Amino acid sequence: MKIVLLGPPGSGKGTQANLICKKYDIPHISTGDIFRTNIANGTALGKKAKEYIDAGSLVPDELTIKIVEDRLKQDDCKNGFVLDGFPRVRTQAEALSKMTQIDKAIMIDLDDEEIINRLSKRRMCRKCGNPTHLDNLINGYCEKCGGEVYTRADDAPEVIKQRLIKQKLPQDVVDFYKDLGLFEKINSTNSMEETFKLVDSILSGIKE
Ligand code: AMP
């Protein structure tokens, strides 16, 4: 099962990706996570990506496409994967179609107001990487593993606004997948469990 999750930052793509990966035992490939790991490890890729990420801009294609290409060649992707946060522009969608054939592109959508509310209250766990809403922290710690939490630098209110402006999913990406008959759209206003039911009903229609 090869799935692409599209949608604005903060719409819950990462959470849905985790739920799909757990149920179907396939890897979760988040380009944002790959960049953040590289930044934390001080790699050359991380240094280049950081300036774009800090500004709320997209990292250039020549860096982004290569990391996906390398990742999809790894053994654990043989039976499928969930791509979270890639493609974000048409050129990336076209490059992906040359790497492999995906089964569905599901857009997880949410209103800007709710996105700003969720992202500004999102805290990340240093230990397990899980995002927790501020109101759901347990005594200030991760709801999942009890680890220490932090705020992502790009979840600062002024960067969130930039991300929403600069990273609006272009219509030509949607059209690319519509033309292939692979596009589906879901609104994630409801709980993550409710949203997952909708996602999973789409996945259950995929023939293996
Ligand atoms: P995310 O965790 O998906 O919100 O990604 C964090 C940041 O990484 C984004 O704000 C972008 O700067 C960068 N990024 C992630 N995926 C891509 C992509 N497919 N193309 C360009 N930049 C990306």
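The values are calculated or read from the model by the stated rules, or taken from the named source; none is laboratory data. None of the values given here were measured: they were computed from a predicted structure. Heads up, the Cβs are rebuilt from the backbone with ideal geometry, glycines too, and the neighbour counts pull from every protein chain shown. Just the protein is used for accessible areas: all its heavy atoms, side chains included, with ligands, DNA and RNA removed. Shrake-Rupley method; radii C 1.70, N 1.55, O 1.52, S 1.80 Å.
What residue, among those in segment 95-125 that are under 15 Å from LEU169 (Cβ atoms) and over 16 Å from the mean Cα position of the chain (by Cα), is surrounded by the most Cβ atoms within 10 Å (Cβ to Cβ)?
Filtering segment 95-125 down to residues under 15 Å from LEU169 (Cβ atoms) leaves 96, 105-112, 115.
Now restrict to residues that are over 16 Å from the mean Cα position of the chain (by Cα): 111-112.
On the way: ASP111: 12, ASP112: 14.
Only one residue tops the list, namely ASP112.
Please tell me if ASP84 is of a type in the set (D, E, K, R), open to solvent by less than 70 Å² (accessible area, probe 1.4 Å) and either over 15 Å from LEU6 (Cα atoms) or within 10 Å of the ligand (Cβ to nearest atom) (or both).
Details: of a type in the set (D, E, K, R): yes; open to solvent by less than 70 Å² (accessible area, probe 1.4 Å): yes; either over 15 Å from LEU6 (Cα atoms) or within 10 Å of the ligand (Cβ to nearest atom) (or both): yes.
For ASP84, the condition - of a type in the set (D, E, K, R), open to solvent by less than 70 Å² (accessible area, probe 1.4 Å) and either over 15 Å from LEU6 (Cα atoms) or within 10 Å of the ligand (Cβ to nearest atom) (or both) - is met.
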Extreme residue, nearest to the ligand (Cβ to nearest atom), among residues of segment 55-78 that are under 18 Å from the mean Cα position of the chain (by Cα) and free of Cβ contacts under 8 Å to residues at least 12 places away in the same chain:
PRO60
Inter-residue pairs, beta-carbon under 7 Å, first assigned to a helix (DSSP H, G or I) and in segment 183-208, second among the basic types (Lys, Arg) and surrounded by 17 or more Cβ atoms within 10 Å (Cβ to Cβ), 6+ apart:
ILE202/LYS104
Testing GLY181 on (1) open to solvent by 50 Å² or more (accessible area, probe 1.4 Å); (2) under 16 Å from MET107 (Cβ atoms); (3) within 16 Å of the ligand (Cβ to nearest atom), one condition comes back false. Which one is that?
(3)
Positions within segment 18-45 being away from the ligand (no atom under 11 Å from the Cβ), open to solvent by less than 50 Å² (accessible area, probe 1.4 Å) and among the small types (Gly, Ala, Ser), in sequence order:
GLY42
